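What follows is a single structure, written as structure tokens, with notes after it.
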Amino acid sequence: MTMFTVSGSPHVHGNESTGKIMYGVVFAMVPAALVSVYYFGLDSIRVMLLSIVACMFFEWLIQKYLIKGPITLNDGSALVTGILLAFNVPTNLPGWIIIIGALVAIGMAKMSFGGLGKNIFNPALVARVFLLISFPVQMTSWPKPVPITEGFADVITGPTPLAIVKEGLDAGKSMSELQADLPAYTDYLIGQMGGSLGEVSAIALILGGLFMVWKKIITWEIPTSILVTVFVFSGILWLIDPAYNPDPFFHLITGGMMLGAIFMATDMVSSPMTRGGQLVYGFGIGLLTMLIRVWGAYPEGVSFAILLMNAATPLLNMGFKPRRFGAKPGIELNK
Amino acid sequence: MGILKTFALGGVHPEENKLSANAAIETLPPPKQAIVPLGQNLGAPSKPLVKKGDKVKVGQLIAEAGGFISTNIHSPVSGTVLKIDNVIDGTGFKRPGVVINVEGDEWDEGIDRSDEIVSDISLNPQEIVDRIKQAGLVGMGGATFPTYVKLMPPPGKTAEYLIINGVECEPYLTSDHRLMLEKSQEVIIGTRLLMKALKVEKAIIGIENNKQDAINHLSQLTKSIDGITVMALKVKYPQGGEKQLIKAAVNREVPSGKLPIEVGCVVQNVGTAFSVYEAVQKNKPLFERVVSVTGKDIKKPSNFMARVGTPIQQLLDAAEGVPENTGKIIGGGPMMGKAITSPEVPVVKGTSGILLMKKEESSRKTTGPCIRCSRCSTVCPMGLEPYLLTKASKLGKYDIAEKEMIMDCIECGSCQFTCPASIPLLDFLRLGKGKVGHIMRNRNKK
Amino acid sequence: MDNIIIIAVAALGGLGLVAAVVLYFIASKFKVIEDPKIDEVEEALPAANCGGCGSPGCRAFAEATVVSAKEKKSLDGLFCPVGGNDVMQIVGSILNLEVTTQAPLIAVIRCNGSHANTPAKVKYEGASSCAFAHALFAGEGGCQYSCLSEGDCVDACDFDAIHMNPETGLPVVNDKCTACGACVEACPRDIIELRKKGPKDRRIFVSCINQEKGGPAKKNCAVACIGCSKCEKECKFDAITITNFLAYIDFEKCTLCRKCVEVCPTNAIHEINFKPRKPRPEKAPGAVPRKPVPKVAQPDKPVTMETETETAVAEKVEKKESPDNGKA
């Protein structure tokens, strides 16, 4: 006689799985990765591979020998962290720094909290900020993008557009004087500018973002509210004094803005769960980013802003509840 | 047709798998031995009126209501009472029941067994409710709430709409669908009876638009009847939930912890409407019902008119046997049905279907860690946060669970259906609901 | 320069003085006069805060004892199960009261429906919670009184005293048990009972709570109590009563004579920590001693133990001399 199974309902399950979500994210990152290979060449592949292998290795090591729990490498979360970490560093970064970054991302930011789903901060971002503070020289020497079609030229380093503007403005120059040093807007969009591996091409990142929204991996609320906040904030400054403030589009498509808004801030684990919370979270990230960019010491502030708002996530989860059924009856109640 | 209505919050789209949709209702012969459990409704079990050795006829009252929320039970067969003893129910628990040895098929004289459709309504509202109460009607959708209780609004409250639930949003099940196609006249007369009993002018028959034939058929028949509209609804689970259906049909939300009458609505199942017709117009108490027998591997997915007390095995045999590859038997649909421990248990008033799951479908996936994707919260039709309630219930933080409105959970299973980490969310929600309910009842007592 | 120092000292000193005066008045106004004995008693308690005494923690229990000592001049009804008689003696001496000693209790699992005795008929999948499983179905073996093996009692225990034995699927209590009653509360089926620990840890109990008639009970479980009342007739001390086809041994009346164990046809009555009895070859195989002979081979003993392996495992772990086995 066959032994029947007894369990509570529901007896069917949709086809969602953690792995599916993670590999969806990986797929969404492919365009940005291809652009980086196009502009930064083989170095970009080196950094990505190294970061992925290191992240997965540390995850395996810690799960096997420290936590002594099940090995969940194939859920893809270490892979995502690895790619995101690579996206956040310059392509000329020495290998040993990447490995340190992977250890920080997986060991410190993820596993020490108990593994997938329990971390408060986005692991890749923790690693990026850790590296930025520990190795400021290596982390801010950005290779100039040279299309792969023009052959393998020697790597020349140069500042990012944000750094050019920041230093220029601090030195008292006006925007029109700086314009000559900056790439054209079309270059920003397709990614021909100095910057971290994955952050350069706004178009590729937006493509990935649209894919993820379509597949319901991320919600539109977080990226939209970040970008709108940044746009409005920088727009106000620009309207006040266009000579000494870059225009809002500049802020939207330079630096890690797109990467942060689409891939980093939307990390499920460290972002709020409800629509209201997500909107406030996005607003906070946009605001903090602009405060850091305009008045802070660093030219770029997206990572710090996201990490700060990550810390506010539990609070936002508590404060913003979903709309409960029955809150608005729709008629005067029968008395 | 315009934009189809549906409920606003959450919802999922499980595979429909309505395998038995085209199988006409077959009447099953009475079993050799009928096992009639005494607790067939939500609320108090019924009290037996017969004793060992008594001769009973089909439709004879064998147990009377054991409290306000309780129902009468009538003998589904004719024969001799073998014993009144503990009988096994679907969950494997032994609960009191009447076992009857079947001899012949002699019906009670009062029952009108002709096929003629009686469409004139001669009774007044109170008489209709009394007939329904007498006949032991319960909600046929599966919750088995005594029907007459719903028909007696508390003092000061009046109903405005009667909503007939023909949604059948559960995958696989087709019993309501078949009733609407084959017994459409009866369902409509039943609806009119319910309208009269409730003294309402407006009735809406809500049907999901995956049952286009039923929508067309009923629309045709109700064209000339004032007050009854057939409303096609967009397919989305759990639209058959009372609160969701009210939201979809008349855009009102039943407040937390309240009954539909608060927003002037009463919801009855299509199956109930049919039984109301039989009880009131034909004087036939509730002792048989339509049961879908279905499953991906089953040879002949069918819809049977089966007597209460028929062992499920007999239905499975009539559907050409249990496939080799069966891993789970479910009483009801795959989203809210209960797993049955053995095919020996009988059909009861609330059995809307028997679903056989293949072995590979039967096991749950391995549970992973919660990645806080908030999908459970997004699909929750009640706007709850299942991940949070699960955690609260797991840790025994019932005060938090109560504050986060765990009692509003309708146990539809959408959260668990959608969870990428396959966490048994509903298991813990049920557990927490049970405990919180217990705590709240104790508090009210004090 | 001097001025600054003087001003600073004067300002801070003044501030300190004002604060001190305010604090003094507030402290004296809101002073709670508490019996110092409460602290003393609390000090003596085990600080487990388990709630086993019925009070919501050790502090509350200490307060209750002091109040009781003042008002009733006795500590009746107040007992710390964790500390046991020793602690209660200390509490008594603090409060200058005589404390009657109570027999120590231990949690006893009244189900022997192991995987072998109650073969599974269905397979359970879902939340590892007995409370949920209880609401869902009768049990894998079909017995609606049986242990569900999901370990709610293990989770409830604060003292690491109860563990699941994966071989039998039944919980096992070790001698860390303080009889706080948390597992009794946690068990949705009321299988666990607090019983007298007994002299030398010896106890006899019916390891079954099945209230079905003999036939149905036996159908699901080989070692169910079938309510045959043989033990009731055998007992000379009126310690055994049968209600709803279930025997119950009153541990206050039981003299541990072991006669009932011998007559039980289904081996539902368990004896624990007794010496192996002398072989009685003429007895029915159902009444053989249940405890395996520890290690030393006794070739003269008849080998009639085939039904006892399951109980033997459980008992061996419960045995005081080998507490390590309890860490399953």
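The values are calculated or read from the model by the stated rules, or taken from the named source; none is laboratory data. Note that the coordinates shown come from a computational prediction; the quantities given were computed from them, not determined experimentally. Positions of Cβ are backbone-derived with ideal geometry, glycine not excepted, and every protein chain shown enters the neighbour counts.
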Hits in the stretch B:1-48 - residues which are among the acidic types (Asp, Glu) and closer than 20 Å to B:Gly241 by Cβ: B:Glu15, B:Glu16
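Results for (1) touching a residue at least 60 places away in the same chain (Cβ under 8 Å); (2) closer than 27 Å to B:Leu286 by Cβ; (3) in contact with a helix residue (DSSP H, G or I) (Cβ under 8 Å, 6 or more places away or on another chain), shown as yes or no for each residue.
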position	(1), (2), (3)
B:Ile189	yes, yes, yes
B:Met195	no, yes, no
B:Asn209	yes, no, yes
B:Asn216	no, no, no
B:Ser224	no, no, no
B:Gly227	no, yes, yes
B:Ala232	yes, no, yes
B:Val263	no, no, yes
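Residues are listed down the side, and each one gets a yes or a no for (1) surrounded by fewer than 24 Cβ atoms within 10 Å (Cβ to Cβ); (2) more than 10 Å from every other protein chain (Cβ to nearest Cβ):
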{"site": "B:Gly332", "(1), (2)": "no, no"}
{"site": "B:Gly383", "(1), (2)": "yes, no"}
{"site": "B:Lys391", "(1), (2)": "yes, yes"}
{"site": "B:Met405", "(1), (2)": "yes, no"}
Residue within the stretch B:412-421 that is surrounded by fewer than 23 Cβ atoms within 10 Å (Cβ to Cβ), modelled with pLDDT of 90 or more and either facing chain A (nearest Cβ under 7 Å) or under 30 Å from B:Ile312 (Cα atoms) (or both) present: no
Within the stretch B:149-182, tally of residues that are free of Cβ contacts under 8 Å to residues at least 60 places away in the same chain and either on the phi > 0 side of the Ramachandran plot or crowded, with 18+ Cβ neighbours inside 10 Å (or both): 2
Hits in the stretch C:108-133 - residues which are away from chain B (no Cβ under 14 Å), part of a loop (DSSP other than H, G, I, E, B) and either in contact with a Phe, Trp or Tyr (Cβ under 9 Å, 6 or more places away or on another chain) or surrounded by 22 or more Cβ atoms within 10 Å (Cβ to Cβ) (or both): C:Arg110, C:Cys111, C:Asn112, C:Ser114, C:Asn117
Segments classed as helices (runs of 4 or more DSSP H), wholly inside the stretch B:78-182, with at least 2 members that are farther than 27 Å from B:Ile215 by Cβ: B:125-134, B:147-150
Any pair with Cβ under 7 angstrom, 6 or more apart, that starts in the stretch A:9-21 at a residue that is more than 7 Å from every other protein chain (Cβ to nearest Cβ) and in a helix (DSSP H, G or I) and ends at one that is acidic (Asp, Glu) and surrounded by fewer than 24 Cβ atoms within 10 Å (Cβ to Cβ): A:Gly19/A:Asp75
Search result, residues across the stretch B:303-345 that are closer than 21 Å to B:Thr144 by Cβ and part of a strand (DSSP E or B): B:Asn303, B:Phe304, B:Met305, B:Ala306, B:Arg307, B:Pro311, B:Ile329, B:Ile330, B:Gly331, B:Lys338, B:Ala339, B:Ile340
Condition met for B:Lys284 (assigned to a loop (DSSP other than H, G, I, E, B), away from every other protein chain (no Cβ under 14 Å), in contact with an Asp or Glu (Cβ under 9 Å, 6 or more places away or on another chain) and closer than 18 Å to B:His177 by Cα): no
Flag if C:Glu252 is in contact with a Lys or Arg (Cβ under 9 Å, 6 or more places away or on another chain), within 14 Å of chain B (Cβ to nearest Cβ) and either buried (at least 20 other Cβ atoms within 10 Å of the Cβ) or not in a helix (DSSP H, G or I) (or both): no
Any chance B:Ile205 is over 26 Å from B:Ser70 (Cβ atoms) and assigned to a loop (DSSP other than H, G, I, E, B): no
Every pair of residues 6+ apart whose Cβ atoms lie under 6 Å, when the first sits in the stretch B:100-127 and is on the phi > 0 side of the Ramachandran plot while the second is of a type outside the set (A, V, I, L, M, F, W, C): B:Gly104/B:Ser78
Candidates B:Val290, B:Val266, B:Val254 - the one that is within 14 Å of chain A (Cβ to nearest Cβ) and part of a strand (DSSP E or B): B:Val266
Extreme residue, surrounded by the fewest Cβ atoms within 10 Å (Cβ to Cβ), among residues of the stretch B:360-377 that are more than 8 Å from every other protein chain (Cβ to nearest Cβ) and not in a loop (DSSP other than H, G, I, E, B): B:Glu360
Any hit, the stretch C:87-107, residues being surrounded by fewer than 22 Cβ atoms within 10 Å (Cβ to Cβ) and within 12 Å of chain B (Cβ to nearest Cβ): no
